[in-house]
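A short write-up of the structure that comes next.
The values are calculated or read from the model by the stated rules, or taken from the named source; none is laboratory data. For clarity, every value in this text was computed on a predicted model and none was experimentally measured. Positions of Cβ are backbone-derived with ideal geometry, glycine not excepted, and every protein chain shown enters the neighbour counts.
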Amino acid sequence: MQYLTTVRKRVLDGITATPIVASVLSGDADPQAYARYLTNVWHYAQHSSTVIGLAGSRCVAQHPCLAEYLLHHAQEELGHERWALDDLAVLGVTPESVRASRPVISCAAMIGYEYYVAGVANPVGLFGWLYVLEAMGDDLGGMVAKAIGGALQLDSGLKFLAGHGEADVEHTRDIVEQIDKHVGNEDLPDVHHVADVVADLYVRMFHELSD
């Protein structure tokens, strides 16, 4: 796990250095920037259950323990994109305008890459993507939700960030356990590679959201 821990720190340092997140953590949140973030969250979150379930179905024969975890996790992720829509509604953004939007380039690339790994390449590699996103929810979700809520004086509109800040503590721990117990040396390089690719795209997304 040392490699993935290093990736986790790199992503955390990269995201917190982007203008959009640095300003939030300094107490200066922009509602339009927050809406841009949530809109892109909606774009990728609506695919999460499908991608995870696809990877799980491809793991059934050779990696039954990983398949069981992935299929269960896919069910847990169902409907999380609606959390983003609920938060956007608090900001005055309609579901119709969200659905008519397009993700930033790095977000679109990440969505496509998820499907490639889950459906074409080694599905075990998807644990690299899961680890990066769940770890960032663990590291930043609750803290950023609190900072945005204070800066924008929001009593609601923080469901996605706060919910993942709480749930992703356990999710990250579970993913680490699955990797330690069930991912062999033949699959670990793919997990690391996926984590590297997603780390780059995820940090880029926050840079694009800052522009």
Checklist outcome for this item: Here, helices (runs of 4 or more DSSP H) confined to segment 53-109 with at least 3 residues that are hydrophobic (A, V, I, L, M, F, W, C) and free of Cβ contacts under 8 Å to residues at least 40 places away in the same chain are 64-76
Next on the checklist: Being surrounded by fewer than 18 Cβ atoms within 10 Å (Cβ to Cβ) and either under 18 Å from the mean Cα position of the chain (by Cα) or assigned to a helix (DSSP H, G or I) (or both) is the filter here; which residues of segment 1-11 pass it?
Outcome noted: Gln2, Tyr3, Thr5, Thr6, Lys9, Arg10
Checklist entry - For segment 146-155, does any single residue satisfy the condition of being closer than 20 Å to Ala29 by Cβ, outside any helix (DSSP H, G or I), free of Cβ contacts under 8 Å to residues at least 40 places away in the same chain and of a type outside the set (Val, Ile, Thr)? => result yes
Next on the checklist: Can you tell me which residue is surrounded by the fewest Cβ atoms within 10 Å (Cβ to Cβ) among those in segment 14-35 that are under 16 Å from the mean Cα position of the chain (by Cα) and over 18 Å from Gly150 (Cβ atoms)?
Outcome noted: Gly14
Item to check | Any pair with Cβ under 6 angstrom, 6 or more apart, that starts in segment 1-27 at a residue that is small (Gly, Ala, Ser) and ends at one that is surrounded by fewer than 13 Cβ atoms within 10 Å (Cβ to Cβ) and at pLDDT 95 or above | outcome: none
Next on the checklist: Residues that are within 13 Å of Arg36 (Cα to Cα) and surrounded by 15 or more Cβ atoms within 10 Å (Cβ to Cβ): does segment 63-80 have at least one?
Outcome noted: no
Next on the checklist: Would you confirm whether or not segment 94-110 contains a residue that is within 21 Å of Gly163 (Cα to Cα) and of a type in the set (Gly, Ala, Ser)?
Outcome noted: no
Next on the checklist: From the list Gly149, Gly141, exactly one residue is surrounded by fewer than 21 Cβ atoms within 10 Å (Cβ to Cβ) and of a type outside the set (Val, Ile, Thr). Which is it?
Outcome noted: Gly149
Next on the checklist: Which pairs turn up if I take residues in segment 117-128 that are on the phi < 0 side of the Ramachandran plot and surrounded by fewer than 18 Cβ atoms within 10 Å (Cβ to Cβ) and look for partners that are of a type outside the set (Ser, Thr, Tyr) and in a helix (DSSP H, G or I) with beta carbon separation below 6 Å, at least 6 apart in sequence or on another chain?
Outcome noted: Gly119/Leu54
Item to check | Flag if Val60 is at pLDDT 95 or above and crowded, with 21+ Cβ neighbours inside 10 Å | outcome: no
